[in-house]
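The values are calculated or read from the model by the stated rules, or taken from the named source; none is laboratory data. Just so it is clear, the model here is predicted, and its values are computed rather than measured. Neighbour counts are summed over all protein chains in view; Cβ atoms, including those assigned to glycine, are modelled from backbone coordinates with ideal geometry.
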Amino acid sequence: MSLTVSNTPICLFCDNTQTHSTPFEDTVFNNKTFEYVQCTNCDLIFVQPLPTMDDITKMYPVEYQGALAGNAYGAYDFLFDRIKTIGTYKTILDYGCGGGRFVVEAVEKGFEVTGTEYNPDLVANLTKTFPKATFLTIDDFYKSDKKYDIIFLSNVLEHLTNPKEIMLKLKERLSENGIFALEGPIENNFNLTQITRKIMFWVRKNIFNKKASHVPTHILYSNRKNQEELFKNIGLETLYFNIEESNWPFPSNYKDCDTMMKKVMYFIATFSVKMSKVFSFWGNNFTYIGKKK
């Protein structure tokens, strides 16, 4: 195991400066090689070097988000029901709102909703499509000083080069007694899918000397422990933290498995999901609600 003490970016969660290599293949993008390294303190996996602004612009074209959301269909009823048990709130910020999937649900529930996105073209499209909500670019958002009762992030943290800094900035934008609500992947949390992926990547990387060519949009891979520790370390009190498992990133539908490898991956993931019902620490997705201490 190679250990790096200097000339290494600080861990994105715990500020540790020591890292070691991982089974994950290096990936080539934008004429650069990105390596996945792991923090020796909190076990967070993140890419080296961190993407630059030029990389990020190319990583997230407007079409990255796909089609904009349609009508509300209750996708977040479980979250709104949980929030109701905590308090009464009026305003919501959806930081990194993507195609507006959460926005339409929150508007339907009667909230005053603001969505933010990095790409100004996407913000313009969202504004035209969802006139009952307000949309801002990330830059414009930070020029304002409005505070919000709820700040929601869905599948955002894993895309950030500075998640701790962003969370601290957003914490300042919470109203008194306001809450955070977050959800997203914990790709380095224990489950059979994670173990299988690591074995596959290790073989490709160390036996066949392979490199990947995917876009490193997921800049970090967290687990249950270091994800919740991040929130505690920035001064948040956990009100709710739950992990669940899905087949992702393996196939979720057997009919889509057109090769033997995909079929094997499907059965591994499906079995792992079933085992997660028995072992509560298994899972690859988290939901979190917290407030300032």
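Summed over the range 266-293, residues that are without any contact (Cβ under 8 Å) to a residue 60 or more places away in the chain and in a helix (DSSP H, G or I) total 5. Counting the residues of the range 157-209 that are polar (S, T, N, Q) and surrounded by fewer than 19 Cβ atoms within 10 Å (Cβ to Cβ) gives 6.
Each row is one residue, and each column tells you yes or no for (1) touching a residue at least 60 places away in the same chain (Cβ under 8 Å); (2) within 19 Å of the chain's Cα centre (by Cα).
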{"site": "Y36", "(1), (2)": "yes, yes"}
{"site": "N41", "(1), (2)": "no, no"}
{"site": "F46", "(1), (2)": "yes, yes"}
{"site": "Y76", "(1), (2)": "no, yes"}
{"site": "I83", "(1), (2)": "yes, no"}
{"site": "K90", "(1), (2)": "no, no"}
{"site": "Y95", "(1), (2)": "yes, yes"}
{"site": "A106", "(1), (2)": "no, no"}
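With respect to being surrounded by fewer than 13 Cβ atoms within 10 Å (Cβ to Cβ) and among the charged types (D, E, K, R), K255 fits the description. Filtering F46, F34 for residues that are within 26 Å of E165 (Cα to Cα), touching a Ser or Thr at 6+ places or on another chain (Cβ under 6 Å) and not hydroxyl-bearing (S, T, Y) leaves a single hit, F34. Taking residues in the range 209-234 that are in contact (Cβ under 8 Å) with a residue 24 or more places away in the chain and among the acidic types (D, E), and partners anywhere that are assigned to a loop (DSSP other than H, G, I, E, B) and surrounded by 14 or more Cβ atoms within 10 Å (Cβ to Cβ), the pairs with Cβ atoms closer than 9 Å and at least 6 places apart or on different chains are E229/F13; E229/C14; E229/C42. Scanning the range 202-229 for residues that are among the β-branched types (V, I, T) and at pLDDT below 95, we see that the one that is nearest to the chain's Cα centre (by Cα) is T217. The number of residues in the range 167-195 that are in contact (Cβ under 8 Å) with a residue 60 or more places away in the chain and acidic (D, E) comes to 2. Regarding the range 121-132, can at least one residue be identified that is in contact (Cβ under 8 Å) with a residue 40 or more places away in the chain, at positive phi and touching a helix residue (DSSP H, G or I) at 6+ places or on another chain (Cβ under 6 Å)? Looking for residues that are in contact (Cβ under 8 Å) with a residue 40 or more places away in the chain, at positive phi and touching a helix residue (DSSP H, G or I) at 6+ places or on another chain (Cβ under 6 Å), one finds none in the range 121-132, hence no. Of the strands (runs of 3 or more DSSP E) entirely within the range 1-118, none holds at least 3 residues that are over 20 Å from K211 (Cβ atoms), modelled with pLDDT under 95 and among the β-branched types (V, I, T). Restricting K164, K169, K132 to residues that are outside any helix (DSSP H, G or I), at pLDDT 95 or above and basic (K, R) narrows the list to K132.
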